[in-house]
Amino acid sequence: MDKLELAKQLLEQIKMPAKQQSTLCCLALLALAKLKKDTPCNQATNDWIRIHDVIVFITENYGVNYAENSRETFRKQAMHPFRTAALIEDNGKATNSPNYRYRITGEFLKAIQDINESEGCAGSENASLSQFIARHESLTDLYASKKKMLKMPVRINNHDFTFSPGKHNKLQKAIIEEFAPRFAPGSECLYVGDTIQKDMVKNTEKLSRLGFEITLHDKMPDVVLYREDKHWIYFVESVTSVGPLDSKRIIEIEHMTANTTAGKIYVTAFPDFATYKKFSEQLAWETEVWIADMPDHMIHLNGDKFMGPR
């Protein structure tokens, strides 16, 4: 079997992410093991090696030329993930030291040496490879676990969800957990999106009953709340960098909800006062402002509606 194909199959077998199954990563692995096109796998070695040596080996034995300034690319795309997945180790020197080296771990070297080249990684009964897989969590699973840990739990309509990490979703979480109990008590969330899962909550049936006409071209407000006792709908935009409720946006939502009889409340939510100041001149009149840093207060851009002694 072609060595490049064999390396890719091996990285796939141990569940490396797709990015770490690239040609660059496969060639880096072959260079680390000193496997030339005609070198049997059982002759693989794990000598200490620099990235410079990896690049030279690839050029001389596989005819692929990488410039010296691509060392950082090798470091980020191959060496760091390989080390995290326990395929290789470093010699503990300072990273800017000329004596900094990498080598394949003894455990993974044995898995390489025991490959049956005629059958490939998938078909061979490689006890060393099976043992390596059993002992080490795959990098794909490690990355998935880390991503899951970063997710933000949020309770919506008495059900548990998780938002992807990020400022926008952090503010949406505050809207649901801090704004709604204070200013829309007893309300139901009819719509909220996630930066990755666009329609996390979307009660299409109830939205339709309330008079929404939603097409594929319509952009829903970030959060839609409905307070049944008042028959009020809250349209809340979560603004960290773009998208306040300006006059144009109000017209778009009015068009989408032309048939609804519910009272409409337009709210732009900001994470802090500094962000609010950046957008204050764009906000439409007759709308509300909520700032997560000051959750107990609202700013009302609606003329004399609240004028009078306290």
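Would you mind listing the strands (runs of 3 or more DSSP E) fully within the range 197-310 where at least 1 residues are open to solvent by less than 20 Å² (accessible area, probe 1.4 Å)?
Hits in the range 197-310: 223-227, 232-238, 263-270, 287-291.
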Give me the residue from the range 154-196 that is free of Cβ contacts under 8 Å to residues at least 12 places away in the same chain and either over 21 Å from the mean Cα position of the chain (by Cα) or under 18 Å from Glu228 (Cβ atoms) (or both) and, out of that set, surrounded by the most Cβ atoms within 10 Å (Cβ to Cβ).
Pro181
Within the range 40-47, is even one residue closer than 22 Å to Met1 by Cα and under 32 Å from the mean Cα position of the chain (by Cα)?
no
Starting from the range 275-292, take each residue that is of a type outside the set (A, V, I, L, M) and list its partners that are assigned to a strand (DSSP E or B) and loosely packed, with under 15 Cβ neighbours inside 10 Å, counting only C-beta distances under 6 angstrom and pairs at least six apart or across chains.
Glu288/His300
The correct count of residues that are of a type outside the set (Ser, Thr, Tyr) and at pLDDT 85 or above in the range 86-106 is 11
Counting only residues that are of a type in the set (A, V, I, L, M, F, W, C) and open to solvent by 10 Å² or more (accessible area, probe 1.4 Å), the range 7-29 contains a total of 3
Selection over the range 79-112 where residues are within 18 Å of Lys15 (Cβ to Cβ) and polar (S, T, N, Q) yields a count of 2
List every residue pair whose Cβ atoms sit under 8 Å apart, with the two residues 6 or more apart in sequence or on different chains, where the first one lies in the range 49-63 and is closer than 18 Å to Gln77 by Cα and the second, anywhere, is in a helix (DSSP H, G or I) and open to solvent by 40 Å² or more (accessible area, probe 1.4 Å).
Ile51/Arg71; Ile51/Arg75; His52/Glu68; His52/Arg71; Ile55/Glu68; Ile55/Arg71
Return yes or no: is Ala28 small (Gly, Ala, Ser), out of contact with any strand residue (DSSP E or B) (no Cβ under 8 Å at 6 or more places or on another chain) and over 25 Å from Glu117 (Cα atoms)?
no
Give me the pairs: first residue in the range 14-27 and without any contact (Cβ under 8 Å) to a residue 60 or more places away in the chain and closer than 14 Å to Met79 by Cα, second residue of a type in the set (S, T, N, Q) and open to solvent by less than 30 Å² (accessible area, probe 1.4 Å), beta-carbon distance under 9 Å, and six or more apart or on different chains, which are they?
Leu24/Ser70
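The values are calculated or read from the model by the stated rules, or taken from the named source; none is laboratory data. Everything numeric in this text was worked out from a predicted model, so none of it was measured. Counting neighbours? That spans all protein chains shown, and the Cβs are built from the backbone with ideal geometry, glycine included. The area values use the complete protein model at the heavy-atom level, side chains included, leaving out ligands, DNA and RNA. Shrake-Rupley method; radii C 1.70, N 1.55, O 1.52, S 1.80 Å.
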